[in-house]
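To start, the structure under review is shown below, and the notes come after it.
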DNA sequence: CGGGATCCGTCTTGATACTG
DNA sequence: CAGTATCAAGACGGATCCCG
């Protein structure tokens, strides 16, 4: 995954930020499943591994899609929350849900 | 990119099909730019390479998102078109455009 | 000549072990 | 339990080759 802008096309730009197999699943967990902690994301059905999760959280934060706030010190622990930018991914994700439910056999709630 | 279903979550399922940096750009070219031939896709701004393009066309066809029809024989040449399944990705892609235009500086038409 | 396959170096992914 | 280090396996990207 690159950080460079490939073009000025907004679709390409969006794919540069979240066009991988994991980022939007983390957003989904925060947006639809009220999950906000590292262990919550690790426990999702898809089984993301720790190195990928840590990397994606870092990237999403850099992109301004999520932000972290400490809820405990020594050792420090964070809650991860969507920013407004992140929350506004919801319409796009709901269209993904609609399309998936309609066209992918076996896709379904929970 | 894997072919396996990671879960029954429709968002994860969609990402399994088109959650990479190139597939949706090919769909975009067909859907919004009236491009239907191999060379058209190669000429897009983002500069996809031939091996990736050939692979993605194959996958999108397997997934029933596009289909190819010959427009010439000896040597055989194809037009690539979206199926109904592929065309119905439009609402999702329009949401991507809206979000990209709103939140990614420098994103813009053409 | 244009579609697309192949080869190869590099970067990314994903599993697992490890650290605080 | 959150996050890092390590390393093998695979995907990517570039160049070139092949075939009609």
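Throughout, read-outs are computed from the coordinates displayed, never taken from laboratory work. Being a predicted model, the structure only gives us computed values, none of them experimental. Positions of Cβ are generated from backbone atoms using ideal geometry, with glycine treated the same way; all protein chains shown enter the neighbour counts.
Each label point is 7 Å from the Cα along the Cα-to-Cβ direction; what then is the distance between the points at residue B:73 and residue A:55, in nm? In this crude label model, residue B:73 to residue A:55 measures out at 4.9 nm. Highest GNM mean-square fluctuation among A:50, A:83, A:69, for chain A modelled with Cα contacts below 10 Å: A:69. Once you reduce region B:10-82 and region A:1-41 to the center of their Cα atoms, the two points are 23 Å from each other.
Relative contact order of chain A, taken over Cα pairs closer than 8 Å and 6 or more residues apart, is 18 percent.
Label-to-label distances for residue A:58 across copies, nearest first, come out at 3.4 nm, using points 7 Å from Cα in the beta-carbon direction. Shielding value for A:24-33 is 2, the average number of Cβ atoms from other chains within 10 Å of each residue's Cβ.
Take every residue in peptide A:46-58, count the Cβ atoms of other chains within 10 Å of its Cβ, and give the average of those counts. Numbers along the way, then the final one.
Values: counts 8, 2, 1, 0, 0, 0, 0, 0, 0, 0, 0, 0, 0.
Mean shielding count: 1.
Computed from the Cα positions only, the extents of region B:43-89 along the three principal axes stand at 32, 26, 18 Å, in decreasing order. Where chain B is rotated onto chain A, the residue of B whose Cβ comes nearest the axis, and that gap in whole Å, is B:95, 3.
Here residue A:8 yields copy-to-copy label distances, from shortest upward, of 4.7 nm, the label point defined as 7 Å from Cα along Cα to C-beta. I need the shape label for chain B. Rule: rounded when a/c is under 1.5, else prolate if a/b > b/c, else oblate, with a, b, c from the alpha carbon gyration tensor. Note, shape of chain B comes out oblate.
Ranked from shortest, the separations from the 7 Å Cα-to-Cβ label point of residue B:84 to its equivalents in the other copies are 4.1 nm. Tell me whether the protein assembly as shown comes out rounded, prolate or oblate; compute the Cα gyration tensor, take square roots of the eigenvalues as a ≥ b ≥ c, and use a/c under 1.5 as the rounded threshold. It comes out prolate by the Cα gyration axes.
From other protein chains only, count the Cβ atoms within 10 Å of every residue's Cβ in A:86-95, then give the mean.
Per-residue shielding by partner chains comes out at 5.
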